[in-house]
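Structure record follows, encoded as structure tokens.
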Amino acid sequence: MQQITRILKLAKVYQLYQWLVGAHKYTRLFARQYIRYQEEQKILDIGCGPADILKYLPSDVAYCGIDLSEDYIRDARKQYPNMRFVCANVADDDFVLMDELFDTVFCVGVQHHLNDKEMEAVLRFAWSRLKPGGRWLSLEPVRSPQQGRIERWFMDNDRGKYIRSAEAYKVINERVFENAKYTVLAKTMNIPFTIIIAEALKP
């Protein structure tokens, strides 16, 4: 598994793996049904990876992607030269993204790579970058007692070592905001894998 983890750090290998397991299906669903981009909205994507979400957003979207992987950011810049990308870790105490505010801030498949302290730091950063009335969105794999053996195997062997229950995600979210809505969806990929989508509006 360590060798697989290493090669998935390469953007092209990661994208191929994501396609094979069907992650593009929930990415498309997330973009169309939850981001719901409107003209002139500013979007911040935390943990953007190779920015595959842009396949499902308008070509003129006002988008900024952040990721700590130099390889992912390099690949994203090649694919989308007109978009803005930052290579950084937003959980670092000294990271500041200017004074910009965004209409929508989201992360897809990021929090299950973070321990509780790191996840809270990312949430606080995201919340601080939202305009009043702006929306925070997240999509993560989620554990539940009803999951079968195959799904548990995939989650146990995921690169992210912090796949949580729905309640555990909520507990950390509520350290930062309290008005979130949650949707749990099964059968969104080519493999058994349940996801949870969180949405919160900033007053």
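The lone criterion from (1) in a loop (DSSP other than H, G, I, E, B); (2) open to solvent by less than 50 Å² (accessible area, probe 1.4 Å) left unmet by Gln146 is number (2). All conditions but one from (1) surrounded by fewer than 19 Cβ atoms within 10 Å (Cβ to Cβ); (2) over 28 Å from Gln38 (Cβ atoms); (3) in contact with a Gly (Cβ under 9 Å, 6 or more places away or on another chain); (4) of a type in the set (A, V, I, L, M) apply to Leu114; the one that does not is (1). Being in contact (Cβ under 8 Å) with a residue 60 or more places away in the chain, open to solvent by less than 20 Å² (accessible area, probe 1.4 Å) and touching a helix residue (DSSP H, G or I) at 6+ places or on another chain (Cβ under 6 Å) is a property that holds for Leu139.
Looking across Ala76, Ala121, one residue alone is modelled with pLDDT of 95 or more and open to solvent by less than 60 Å² (accessible area, probe 1.4 Å). It is Ala76. Consider the range 32-59 and keep the residues that are more than 22 Å from Val90 (Cα to Cα), free of Cβ contacts under 8 Å to residues at least 40 places away in the same chain and assigned to a helix (DSSP H, G or I). The one that is least open to solvent (accessible area, probe 1.4 Å) is Tyr56.
Screening the range 124-155 for residues that are among the hydroxyl-bearing types (Ser, Thr, Tyr) and modelled with pLDDT under 95 and picking the one that is nearest to Asp52 (Cα to Cα) gives Ser128. Take the conditions (1) open to solvent by 10 Å² or more (accessible area, probe 1.4 Å); (2) out of contact with any Pro (no Cβ under 8 Å at 6 or more places or on another chain); Ala126 misses just one of them, which is (1).
The values are calculated or read from the model by the stated rules, or taken from the named source; none is laboratory data. Keep in mind that what you see is a predicted model, and the values were worked out from it rather than measured. Reconstructed Cβ throughout: ideal geometry from the backbone, glycine too, with neighbour counts over all protein chains shown. Just the protein is used for accessible areas: all its heavy atoms, side chains included, with ligands, DNA and RNA removed. Shrake-Rupley method; radii C 1.70, N 1.55, O 1.52, S 1.80 Å.
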